[in-house]
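Worksheet: one structure, shown below.
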Amino acid sequence: MHRSPLDAEDLRVRVQKTLDEFLAAQVPQLDLISDDLGPMIDSIGGLLSGGKRLRAAFCFWGWRGAGCADGEDIVRAATSLELLQACALIHDDVMDGSDTRRGQPAVHRRFAGLHRGNSWLGDPESFGTGAAILAGDLCLVWADELLYGSGMSTDELRLAKPVYDSMRTELMSGQYLDLLEQSRGGGSIERARKVIRFKSAKYTVERPLHLGAALAGAPAALLETYSAYGLPLGEAFQLRDDVLGVFGDPAETGKPAGDDLREGKRTVLVETTLQLAAPIDAALLRRQLGDPHLDEAGINALREVIGSSGALGHVEQLIVTGTEAALCALEATGEGAVAEPARTILAELAVAATARRV
């Protein structure tokens, strides 16, 4: 049976236990404020009950790669990134108008349903959007609380804070650039790749590794190795996500087939198709991209355009190239060398994350 590298050291189980305990500890404070806050923590808990835990894993193995021992303090610190990710997902689903996340109703849809089910005044969708924004903000606050209350020393946290601050700034900036590209109607592969770099590559892989390394007081050379590994891998990871957003199985992705096409996402896959496709095919893609009512036949027609243009093959090659670059970076020696067993796990993660066997 295939063992995911994310399950090494029972990490996913430990991350989930940490999240469950942290959320349970928030309940008394919310209950003191109001009984009406139950749906807020329920929606966050539901979202946090699933996920690959990639960011927590990269932070944990960034610490271990610096030669530091396993421990519950670093697991708690790494788990804080799952709350940051929850904030990003909740807000991303609002911006994209997504109906589902991880096979469940998106948080804003859950709150709209709560409004509708209770026949409250006003517009259910507006209520859902507002409540989801606040739920995401709460996750952002709680991410800080879990990190700074993780048990790591004051000196360790002081070293890590600049990385953590940069990570959050880059994430929010990347999210805005993503929103901007959709509003502009795209038109540039270079801009699409910049969105990937800041919204995904740095945030998913590089900065979590840097955070773990900074907590460990690692030398600059190791952070350079982590960048050489993390940036190409993070881009390859997002490119795989873009392919799955068009061609993925809903049973595996947790989102409807072709949802990225309905949302009008200006991905590298889409921009490359527009550059390579025949004019009549490119016109079809431009006309139907972003149509929320695009049916299965329309999705299949756009898939055919993407495949026949050569864009799919081109993006698949970019994924291979990025993965190979990440694996090559792990060969670093001297102060930039990644300690075992982290080096082996990171090599396995590079393959698993881009093939989505996690």
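Laboratory data are not the source of any read-out in this text; all were calculated from the coordinates shown. Since we're looking at a predicted model, the values are computed, not measured. Note that each Cβ is placed from the backbone with ideal geometry, even for glycine, and that neighbours are counted across all protein chains shown.
Observations on the model:
- Computed from the Cβ-Cβ distance with R0 of 22 Å, the FRET efficiency linking ASP42 to ILE133 stands at 0.80.
- Region 203-305: relative contact order in percent, alpha carbon pairs under 8 Å with at least 6 residues between: 20 percent
- Taking 32 Å as the limit for the C-alpha separation, the pairs LYS52/LYS194; LYS161/LYS255; LYS17/LYS202 exceed it in the case of LYS161/LYS255.
- Around GLY46: net Lys/Arg minus Asp/Glu count, Cβ-Cβ under 11 Å: +2
- Shape class of the chain from the Cα gyration tensor (axes a ≥ b ≥ c, square roots of the eigenvalues): oblate, since a/c reaches 1.5 or more and a/b does not exceed b/c.
- In percent, rounded to a whole number, the relative contact order of region 114-227 is 27, using alpha-carbon pairs under 8 Å and six or more apart.
- Region 235-325 shape via C-alpha gyration tensor axes, a/c threshold 1.5: oblate
- Isolated Cys in the chain, by beta carbon distance under 4.7 Å: CYS59, CYS68, CYS328
- A Förster distance of 51 Å, applied to the separation of the beta-carbon atoms of VAL320 and VAL141, puts the FRET efficiency at 0.80.
- Take every Cα pair under 8 Å whose residues are at least 6 apart in sequence, average their separation, divide by the length of region 5-355, and the relative contact order is 20 percent.
- Difference of contour (0.36 nm per residue) and Cα-Cα distance, ARG102 to SER4: 33.4 nm
- Put in order of Cβ neighbour count within 10 Å, fewest first, the listed residues CYS87, CYS59 become CYS87, CYS59.
- Dividing the helix sum by the residues of the chain, where each DSSP H run of 4 or more adds -39500 (n - 2.57), gives a mean residue ellipticity at 222 nm of -23500 deg cm²/dmol.
- Region 56-202: C-alpha gyration tensor shape, a/c 1.5 cut-off, then a/b vs b/c: oblate
- Measuring r between the beta carbons of ASP155 and ARG184 and using R0 = 56 Å, the FRET efficiency lands at 0.80.
- Segment GLU304-GLU252, extension gain: residue separation times 0.36 nm, minus the distance between their alpha carbons: 16.6 nm
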